[in-house]
Amino acid sequence: IYADWCTACIDMERKVFSRPEARAALAGFVLLQVDVTHNTREDQAILDRFGLFGPPAMLFFRQGNVLEDKAVQGEL
């Protein structure tokens, strides 16, 4: 979960996800980035659906189910 105004999101893009070891670790995943920059009703519905207060957050799914113990909210 990402937003253009989220400084932690921007830092994670630059310092975490750009690293070769991070890319290698995520190579087996389908990656989706949900942009909640505009804080629309739809954005709020997504945050509410997953019990998130805002970005940054990372959710991991297996067979359509959120792996609650793997979820990360906040900056890494």
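Computed from backbone phi with θ = phi - 60° and the Karplus coefficients 6.51, -1.76 and 1.60, the 3J(HN,Hα) list for the range 44-58 is 5, 4, 5, 4, 4, 4, 9, x, 9, 8, x, x, x, 8, 10 Hz; x is used for glycine and proline. Taking each residue as 0.36 nm, the span from Arg14 to Leu67 lengthens on full extension beyond its C-alpha to C-alpha distance by 16.5 nm.
Annotation: per residue accessible area for the chain equals 75 Å², rounded to a whole number [probe 1.4 Å, protein chains only].
Taking amide hydrogens as placed 1.01 Å from N in the peptide plane, the amide H of Ala57 sits under 5 Å from those of Gly74, each at least 5 positions away in sequence or on another chain.
Accessible surface of the chain, 1.4 Å probe: 53 percent of it comes from carbon and sulfur atoms. Counting only protein chain heavy atoms and rolling a 1.4 Å probe, the accessible areas of Phe61, Phe53 rank, largest first, as Phe53, Phe61. For the chain, pairs of C-alpha atoms spaced more than 15 angstrom apart make up 58 percent of the total.
The values are calculated or read from the model by the stated rules, or taken from the named source; none is laboratory data. Remember, it's a predicted structure, so these values are computed and weren't measured experimentally. Note: accessible area is taken over every heavy atom of the protein model, side chains too, but ligands, DNA and RNA are not part of it. Shrake-Rupley method; radii C 1.70, N 1.55, O 1.52, S 1.80 Å.
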